[in-house]
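Asker: Sharing a structure below in structure tokens format, with a few things to ask.
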């Protein structure tokens with residue numbers, strides 16, 4: 001145990017040497033005009049706008065690869081302001097406010113802003129090695145892909161042949177949607193419906209509860225339901241990790257947890273106030 005703690009401290013100081021000082025990241029806007037159903041906006045969020053040297057470089061590489069897209073970064077205040085201004089009359093805003101974890105807020109934010117405005121969402125630690133507009137057609141309404149991780153439950157046999165990877169989860173760290181898409185509405189409604197089951201309860205692993213309510217597990221469930229009802233027309237299933245072009249963890253991205261504790265490490269906590 002002592003050796004492991006020493007290794008963690010050494011790793012921490014190495015990252016401080018190579019990544020600090022943290023620098024602030026601004027939005028990046030373009031004058032390009034793209035005639036796609038999925039608008040040319042990429043939304044991202046984190047608790048602040050300060051990132052390490054290598055992480056910042058990776059983010060900039062992602063932006064440079066997509067110079068025809070606008071990149072908007074919402075920190076905690078910007079995100080809170082958006083949710084209040086656009087969703088305060090919905091129960092989803094009440095759930096957002098009561099969430100104890102930034103991950104829940106980030107999950108809710110991505111579904112809400114993509115539903116209201118359309119565009120792409122990417123976690124701040126993620127990216128893609130090819131331009132996002134190359135992953136879909138101009139008339140595509142949805143861009144989704146799978147994780148290399150098996151789902152805890154198989155899909156309904158009715159849609160089995162519609163799924164490229166029927167046994168795998170759909171990830172939600174990278175998404176593309178047209179405005180007002182029904183799948184996003186289904187996600188928001190599902191969170192509202194399931195929320196009472198997560199109130200006044202403590203979870204040994206809060207991360208698993210979050211995955212089930214607002215994260216990958218819920219998104220996989222609702223995506224399958226949507227495809228069963230509406231089919232796969234204009235839905236792009238971009239393989240595993242965007243046809244193996246997705247970046248799961250940008251170099252240096254873990255440094256952001258020096259300021260914000262990683263939620264996966266927490267134990268025996270409620271996820272709502």
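Asker: Quick check on residue 155: is it surrounded by 14 or more Cβ atoms within 10 Å (Cβ to Cβ), assigned to a loop (DSSP other than H, G, I, E, B) and free of Cβ contacts under 8 Å to residues at least 60 places away in the same chain?
Answerer: no
Asker: Could you tell me whether any residue of the stretch 228-250 is at negative phi, crowded, with 20+ Cβ neighbours inside 10 Å and either modelled with pLDDT under 95 or part of a helix (DSSP H, G or I) (or both)?
Answerer: Taking every residue of the stretch 228-250 in turn, none turns out to be at negative phi, crowded, with 20+ Cβ neighbours inside 10 Å and either modelled with pLDDT under 95 or part of a helix (DSSP H, G or I) (or both).
Asker: Residues being more than 28 Å from residue 177 (Cβ to Cβ) and part of a strand (DSSP E or B): count how many of those fall in the stretch 251-273.
Answerer: 1
Residue-wise test of (1) closer than 27 Å to residue 142 by Cβ; (2) at pLDDT below 85; (3) surrounded by 19 or more Cβ atoms within 10 Å (Cβ to Cβ); (4) touching a strand residue (DSSP E or B) at 6+ places or on another chain (Cβ under 8 Å).
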site: 24; (1), (2), (3), (4): no, no, no, yes
site: 42; (1), (2), (3), (4): yes, no, yes, yes
site: 59; (1), (2), (3), (4): yes, no, yes, yes
site: 67; (1), (2), (3), (4): yes, no, no, no
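Asker: Continuing with this model, one more query. For residue 71, only one of the following conditions fails: (1) in contact with a helix residue (DSSP H, G or I) (Cβ under 8 Å, 6 or more places away or on another chain); (2) part of a helix (DSSP H, G or I); (3) surrounded by 15 or more Cβ atoms within 10 Å (Cβ to Cβ). What is its number?
Answerer: (2) is the only condition that residue 71 fails.
Asker: I would also like to ask the following. Search the stretch 171-187 for residues that are at positive phi and pair each with any residue that is surrounded by fewer than 24 Cβ atoms within 10 Å (Cβ to Cβ) and in a loop (DSSP other than H, G, I, E, B) when their beta-carbon atoms are under 9 Å apart and the residues are at least 6 apart or on different chains.
Answerer: Correct list of pairs: 180/118.
Asker: Which residues, counting only those in the stretch 205-220, are surrounded by 19 or more Cβ atoms within 10 Å (Cβ to Cβ), under 12 Å from residue 191 (Cβ atoms) and free of Cβ contacts under 8 Å to residues at least 40 places away in the same chain?
Answerer: Hit for the stretch 205-220 is 218, nothing else.
Asker: If I go through the stretch 107-139 residue by residue, how many of them are part of a loop (DSSP other than H, G, I, E, B) and either crowded, with 19+ Cβ neighbours inside 10 Å or without any contact (Cβ under 8 Å) to a residue 60 or more places away in the chain (or both)?
Answerer: 6
Asker: Which one of the conditions (1) in a helix (DSSP H, G or I); (2) at pLDDT below 95 does residue 86 fail to meet, given that it meets all the rest?
Answerer: The single condition residue 86 does not satisfy is (2).
The values are calculated or read from the model by the stated rules, or taken from the named source; none is laboratory data. A quick note: this is a predicted structure, and the numbers were derived from the prediction, not measured. Note: ideal-geometry Cβ built from the backbone for every residue, glycine included; neighbour counts use all protein chains shown.
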